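Have a look at this one before I ask anything.
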Amino acid sequence: TPPDLIRNFCIIAHIDHGKSTLADRMLQITGVVDERAMRAQYLDRMDIERERGITIKSQAVRMPWDFDGQTHCLNMIDTPGHVDFTYEVSRSLAACEGAVLLVDAAQGIEAQTLANLYLAMENDLTIIPVLNKIDLPAAQPEKYAEELAGLIGCEPADCLQVSGKTGAGVEELLDQIVQQLPGPVGDPDAAPRAMIFDSVYDTYRGVVTYVRVIDGSLKPREKIVMMSTKATHELLEIGVSDPEPRPSKGLGVGEVGYLITGVKDVRQSRVGDTVTNAGKPATDALGGYRDPKPMVFSGLYPIDGSDYPLLRDALDKLKLNDAALVYEPETSVALGFGFRVGFLGMLHLEIVRERLEREFDLGLISTLPSVVYEVTLDDGTTVTVTNPSEFPEGKVSQISEPIVRATVLAPSEFIGAIMELCQSRRGSLRGMDYLSQERVEMRYTLPLAEIVFDFFDALKSKTRGYASFDYEPDGEQTADLVKVDVLLQGDRVDAFSNIVHRDKAYAYGVSMASKLKELIPRQQFEVPIQAAIGARVIARETIRAIRKDVLAKCYGGDISRKRKLLEKQKEGKKRMKMVGSVEVPQEAFIAALSQD
Ligand code: GDP
Ligand code: MG
């Protein structure tokens, strides 16, 4: 297809504003998916995505659209919709010339609308503002057109009105995509350069790499090079998705499609990398490539210790399809053999955990999630800590923690509640703007450690569900952080060590100690539970001793009853873990680690 007939676009929206539904409607109206094959949210392929109604992996699909007597080729690139995957979103956007900015006409602009809009603007995309769900009785398209126009600097009348559900206005939107977006520009005679914006592992075909060609062209059977790794591969197949994969004779300037090279691991075909021809390589890679960087770490342990090899195999399999997943073996006194696993964020963690449990049938315990700390010791050495129990010995001169730049959008009546919450999470207000009289945008700097856990839930409950929230990494800051240990009869329980701000150390210690007191059964002897910073105890509880030996209950002669009792105890002990001389049922660890 000649570049002037190609339009590459994506749809960006806050979650639930109707992106997937609109994408489905476009597939149907352009005739690439017929009525029969249409299932709700055709593009969201993963089960977890469909159940949660979120898009994790982006996909590209090609649609024909007749306008002005010519058939145009529209490539719709679906972007993941969550902050954990911002880098992947930015690469998908970089593959486009324009973006449909979709806003729910009953909700207005939300935090992710802004975050995505800024990313689109950074990539110089042409923005088409669209109000969706105009079929809803609660829709207020005029009001929100005003808001949207104010935000992007156009006239309210320029905002299109559509319903992804009924299809109203969608044909007009497709026409506008052709009219308003520029065709791709590139040099057809230059050495080929194609940008990878997604890479997916497929059991049958190996890794399927989605690319957008910038210059030159790619053809089947050619040898290609991945410019970041210098690895060469043969192009076994090249094609387009419309929406099922269809091999083609090649991809030229501006075209979007997929490549298959037979590699088995998405790490060999990384998002953001540049593909070129091995015989006639481009000199410069396209800008913007970045290695995925895990932000949150957690220990994953099989509940049944004999599942350890299964867990290892399962992680090895997931890794084929997830370039951001990193892990290494770890042992814990309390939990046995497991893995320290790095994630892009909490959603990524949840997705991986859920897939391990569902697809591989594993029962798992995960330890408290931890961010990445840089600890500098008095002797000048710096240690990267992703597991609080591996906090270095020696005198600490400084600890730094990752921070984020966060945006909260909410009705202005909640300003006070939001400030209170952010303050309690060590946030500092950077600025505030009114989008309209009753809606406010608040910008905060917050420590990542303070939001990974339950910030969003707290925000929702304090604002009766009206606030939305988004964030991006914003470097590091030093802070007065300390490691709190939890000890049972003087022995440290590694899984409960945590790095917290000094002001919060006491609260953490008290809550852990009292939780454990409830959860650990009485022993033959008294068991002190302590929380400590170094050698200094900050909280203490005591589990009293059992007064009588259970066997004392079985008077003399009844041997068989005694034996039964002993056997029962032995069985129970299999699920017990020893911390020093204290027996702790595994359930106690699980319960103490689960969030309330
Ligand atoms: P996404 O998170 O942006 O992909 O949003 P979805 O497409 O999954 O839609 C979120 C919810 O809004 C779903 O329950 C849809 O059925 C509903 N929805 C989407 N578009 C429309 C629309 O135009 N009108 C109405 N009434 N509901 C819609
Ligand atoms: Mg969706």
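The values are calculated or read from the model by the stated rules, or taken from the named source; none is laboratory data. Computed from a predicted structure; not experimentally measured. Neighbour counts are summed over all protein chains in view; Cβ atoms, including those assigned to glycine, are modelled from backbone coordinates with ideal geometry. Areas reflect the complete protein model, heavy atoms only, side chains present, ligands, DNA and RNA absent. Shrake-Rupley method; radii C 1.70, N 1.55, O 1.52, S 1.80 Å.
May I ask you to list the residues in segment 97-120 that are among the hydrophobic types (A, V, I, L, M, F, W, C), open to solvent by 10 Å² or more (accessible area, probe 1.4 Å) and either within 15 Å of ligand 1 (Cβ to nearest atom) or over 18 Å from the mean Cα position of the chain (by Cα) (or both)? If you could, list the steps in order and put the result at the bottom.
We begin by selecting, within segment 97-120, every residue among the hydrophobic types (A, V, I, L, M, F, W, C); these are 99-103, 105-106, 109, 111, 114-115, 117, 119-120.
Cutting the leftovers down to open to solvent by 10 Å² or more (accessible area, probe 1.4 Å) gives us 106, 115, 119.
Within segment 97-120, Ala106, Ala115 meet the criteria.
Here is a yes/no grid of residues against (1) within 12 Å of ligand 2 (Cβ to nearest atom); (2) touching a His at 6+ places or on another chain (Cβ under 9 Å); (3) modelled with pLDDT of 80 or more; (4) of a type outside the set (Asp, Glu):
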{"position": "Ile6", "(1), (2), (3), (4)": "no, yes, yes, yes"}
{"position": "Ile11", "(1), (2), (3), (4)": "yes, no, yes, yes"}
{"position": "His14", "(1), (2), (3), (4)": "yes, no, yes, yes"}
{"position": "His17", "(1), (2), (3), (4)": "yes, no, yes, yes"}
{"position": "Leu22", "(1), (2), (3), (4)": "yes, no, yes, yes"}
{"position": "Gly31", "(1), (2), (3), (4)": "no, no, yes, yes"}
{"position": "Arg45", "(1), (2), (3), (4)": "yes, no, no, yes"}
{"position": "Glu49", "(1), (2), (3), (4)": "yes, no, no, no"}
{"position": "Thr55", "(1), (2), (3), (4)": "yes, yes, no, yes"}
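Quick check on Ile543: is it over 38 Å from the mean Cα position of the chain (by Cα), open to solvent by less than 80 Å² (accessible area, probe 1.4 Å) and modelled with pLDDT of 90 or more? Steps first, please.
Working: over 38 Å from the mean Cα position of the chain (by Cα): yes; open to solvent by less than 80 Å² (accessible area, probe 1.4 Å): yes; modelled with pLDDT of 90 or more: yes.
Criteria met by Ile543.
I've got another one for you. Residue by residue through segment 204-263, note down the ones that are among the polar types (S, T, N, Q) and within 17 Å of Pro281 (Cβ to Cβ).
Ser217, Ser228, Thr229, Thr232, Thr261
Looking at Ile134 and the list (1) touching a helix residue (DSSP H, G or I) at 6+ places or on another chain (Cβ under 8 Å); (2) modelled with pLDDT under 95, which single condition is not satisfied?
Unmet for Ile134, out of (1) touching a helix residue (DSSP H, G or I) at 6+ places or on another chain (Cβ under 8 Å); (2) modelled with pLDDT under 95: (2).
Moving to a separate point now. Which one is modelled with the highest pLDDT among residues in segment 82-98 that are in a helix (DSSP H, G or I) and of a type in the set (Gly, Ala, Ser)?
Ala94
For segment 294-306, which residues satisfy the criterion of being touching a residue at least 24 places away in the same chain (Cβ under 8 Å) and either open to solvent by 30 Å² or more (accessible area, probe 1.4 Å) or within 22 Å of the chain's Cα centre (by Cα) (or both)?
Pro294, Met295, Val296, Phe297, Ser298, Gly299, Leu300, Tyr301, Ile303, Asp304, Gly305
Can you confirm whether Ala157 is closer than 29 Å to Val263 by Cα and surrounded by fewer than 20 Cβ atoms within 10 Å (Cβ to Cβ)?
So Ala157 does not fit the description; no.
Now a separate question. Does Thr79 qualify as being assigned to a helix (DSSP H, G or I), touching a strand residue (DSSP E or B) at 6+ places or on another chain (Cβ under 8 Å), among the β-branched types (Val, Ile, Thr) and touching a residue at least 40 places away in the same chain (Cβ under 8 Å)? I'd like the intermediate steps shown before the answer.
Working: assigned to a helix (DSSP H, G or I): no; touching a strand residue (DSSP E or B) at 6+ places or on another chain (Cβ under 8 Å): yes; among the β-branched types (Val, Ile, Thr): yes; touching a residue at least 40 places away in the same chain (Cβ under 8 Å): yes.
No, not satisfied.
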